Amino acid sequence: MPTVRRVPAAVVRPLRTAILRPTWTDRLATYDQDETVAVHVAAYLDGDDAVHGVGTIYAEAPPDDNRDAIPETAYADGASWRLRGMATSEAARGAGLGRLVLEECFAVVRERSGSVLWCNARLVAVPFYARLGMAAVGPEFDIPGIGPHYVMWREV
């Protein structure tokens, strides 16, 4: 059965880089929060020590542009957590690892007394997040060099 663990940033960076930023180095695919306030989750296939799914979260309010669509309580200090760097290896796609990583991220938010998880979701990931109860808000927007996204969020 697949498992998830909370791990140091160095464990999630290689897969994050390979899947989300294949032309970058691990150093370029490092978030400022990686070594300080972020919580990193890694997923493993049964009997395999290789990391096949990753996600990173840290406390951050959603973009102000979405205040009309996200409850005002989400903007209080520590209420909202941002999800970044969600990735699943090609070998493990469809094995449920993304769901396990996201569910563990929801658990972290609850443990830290947060109430909302949000992300900038690539268009290809919108259906995945929607299946797990996250809602898209605001207009589609482009992140240069990466592509079109929506802000998505969910109360946890």
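Miscellaneous remarks
- In the stretch 101-130, of all residues being among the β-branched types (Val, Ile, Thr) and either without any contact (Cβ under 8 Å) to a residue 40 or more places away in the chain or not in a strand (DSSP E or B) (or both), the one that is surrounded by the fewest Cβ atoms within 10 Å (Cβ to Cβ) corresponds to Val124.
- Taking the stretch 8-30 as the range and being of a type outside the set (S, T, N, Q), in contact (Cβ under 8 Å) with a residue 12 or more places away in the chain, outside any helix (DSSP H, G or I) and farther than 16 Å from Ile143 by Cα as the test, the residues that pass are Pro8, Asp26.
- The stretch 46-69, subset crowded, with 19+ Cβ neighbours inside 10 Å and free of Cβ contacts under 8 Å to residues at least 60 places away in the same chain, residue farthest from Val7 (Cα to Cα): Ala61
- Of the residues making up the stretch 72-84, just one is surrounded by 15 or more Cβ atoms within 10 Å (Cβ to Cβ) and either in a loop (DSSP other than H, G, I, E, B) or modelled with pLDDT under 95 (or both), namely Ala79.
- Here Trp118 passes the criteria (1) within 11 Å of the chain's Cα centre (by Cα); (2) within 18 Å of Val7 (Cα to Cα) except the one numbered (2).
The values are calculated or read from the model by the stated rules, or taken from the named source; none is laboratory data. Keep in mind that what you see is a predicted model, and the values were worked out from it rather than measured. For neighbour counting, all protein chains shown are included, and Cβ atoms are generated from backbone atoms with ideal geometry for every residue, glycine included.
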